[in-house]
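Undergrad: The structure's right below; bear with me while I get my questions together.
The values are calculated or read from the model by the stated rules, or taken from the named source; none is laboratory data. As the structure is a computational prediction, the values presented were derived from the model and not from experiment. Note: ideal-geometry Cβ built from the backbone for every residue, glycine included; neighbour counts use all protein chains shown.
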Amino acid sequence: MIKELKSVIGIMRANNKLILDLKQTLLNYDINQSEFAVLEYLFHKGRKNIDEIRKHILLTSGSVTYVIDKLEQKNYVIRTICSTDKRIFWVDITQKGKNLISEIFPLHKLNTKNIFKNLKEEEILLLNKLLQKI
């Protein structure tokens, strides 16, 4: 087997593990992974427009709009039209959304830390550098 293929398989397995752990964490909450990704991004970065959210969480614009619609129905975000450009919608996280992420994020962080527990800090830093090169 070529070494690149082994690397791809390793990356995919690690990704699957991260996704499964996040799904497990979210089982007790009324949100899915995409909704969590949007809320987490807004929680840490503040108000963003839909295109910025799409670029960050790597979803199509239609998918992001759908996710934001669901989050808005649950009162986790509010969407407002830009006053200078009616084509742009701003999305803000509500206090209810902040409360939810404040509860979930520490669990997610702990689970992620647990996944990497067998790696030394230097190995994690090297892994980050290597993944950024791909």
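Undergrad: Restricting the search to the range 46-61, which residues are exposed (fewer than 15 other Cβ atoms within 10 Å of the Cβ) and either farther than 17 Å from residue 81 by Cα or modelled with pLDDT of 95 or more (or both)?
TA: Going residue by residue through the range 46-61, those that are exposed (fewer than 15 other Cβ atoms within 10 Å of the Cβ) are 46-47, 51, 55, 58, 60-61.
Passing the criteria: 46, 47, 55, 58, 60.
Undergrad: For the range 91-107, how many residues are acidic (Asp, Glu) and in a helix (DSSP H, G or I)? Step through it out loud before you land on a result.
TA: Kept after step one, since they are acidic (Asp, Glu), are these residues of the range 91-107: 92, 103.
Retained after the next criterion (residues that are in a helix (DSSP H, G or I)): 103.
Here the count works out to 1.
Undergrad: Any residue at all in the range 83-94 that's aliphatic (A, V, I, L, M), over 19 Å from the mean Cα position of the chain (by Cα) and farther than 19 Å from residue 21 by Cβ?
TA: Yes, because at least one residue in the range 83-94 is aliphatic (A, V, I, L, M), over 19 Å from the mean Cα position of the chain (by Cα) and farther than 19 Å from residue 21 by Cβ.
Undergrad: Going by what's in this entry, would residue 64 be described as within 30 Å of residue 133 (Cβ to Cβ) and surrounded by 14 or more Cβ atoms within 10 Å (Cβ to Cβ)? First the steps, then the outcome.
TA: Working: within 30 Å of residue 133 (Cβ to Cβ): yes; surrounded by 14 or more Cβ atoms within 10 Å (Cβ to Cβ): yes.
For residue 64, the condition - within 30 Å of residue 133 (Cβ to Cβ) and surrounded by 14 or more Cβ atoms within 10 Å (Cβ to Cβ) - is met.
Undergrad: For the list (1) at pLDDT below 90; (2) over 24 Å from residue 134 (Cα atoms); (3) among the aliphatic types (A, V, I, L, M), I need the number of the one condition that residue 18 fails.
TA: (2) is the only condition that residue 18 fails.
Undergrad: Out of curiosity, is residue 41 touching a residue at least 40 places away in the same chain (Cβ under 8 Å), at negative phi, under 17 Å from the mean Cα position of the chain (by Cα) and surrounded by 12 or more Cβ atoms within 10 Å (Cβ to Cβ)? Even if it seems obvious, please write down each step before you answer.
TA: Details: touching a residue at least 40 places away in the same chain (Cβ under 8 Å): no; at negative phi: yes; under 17 Å from the mean Cα position of the chain (by Cα): yes; surrounded by 12 or more Cβ atoms within 10 Å (Cβ to Cβ): yes.
No; evaluated as a whole, the condition is false for this residue.
Undergrad: Being in a loop (DSSP other than H, G, I, E, B) and over 14 Å from the mean Cα position of the chain (by Cα) narrows it down to one residue among 129, 117; which is it? Explain how you work it out, then say what you get.
TA: Working: 129 fails: in a loop (DSSP other than H, G, I, E, B).
Being in a loop (DSSP other than H, G, I, E, B) and over 14 Å from the mean Cα position of the chain (by Cα) holds for just one of 129, 117, which is 117.
Undergrad: For the range 74-117, what are the residues that are surrounded by 13 or more Cβ atoms within 10 Å (Cβ to Cβ), farther than 15 Å from residue 35 by Cα, of a type outside the set (Val, Ile, Thr) and at pLDDT below 95?
TA: 89, 107, 111, 116
Undergrad: In the range 72-103, which residues are among the acidic types (Asp, Glu) and closer than 15 Å to residue 48 by Cα? If you could, list the steps in order and put the result at the bottom.
TA: First, the residues of the range 72-103 that are among the acidic types (Asp, Glu): 72, 85, 92, 103.
The answer is 72, 85, 92.
Undergrad: From the list 133, 117, 70, 109, exactly one residue is among the basic types (Lys, Arg), in contact (Cβ under 8 Å) with a residue 24 or more places away in the chain and closer than 25 Å to residue 16 by Cβ. Which is it?
TA: Numbers: 133 fails: in contact (Cβ under 8 Å) with a residue 24 or more places away in the chain; 117 fails: in contact (Cβ under 8 Å) with a residue 24 or more places away in the chain; 109 fails: in contact (Cβ under 8 Å) with a residue 24 or more places away in the chain.
Within the list 133, 117, 70, 109, the selection yields 70.
Undergrad: Still on this structure, please answer the following. Which one of these is of a type in the set (A, V, I, L, M), in contact (Cβ under 8 Å) with a residue 40 or more places away in the chain and closer than 23 Å to residue 15 by Cα: 124, 101, 93, 50?
TA: Details: 124 fails: in contact (Cβ under 8 Å) with a residue 40 or more places away in the chain; 93 fails: closer than 23 Å to residue 15 by Cα; 50 fails: closer than 23 Å to residue 15 by Cα.
Going through 124, 101, 93, 50 in turn, the sole match is 101.
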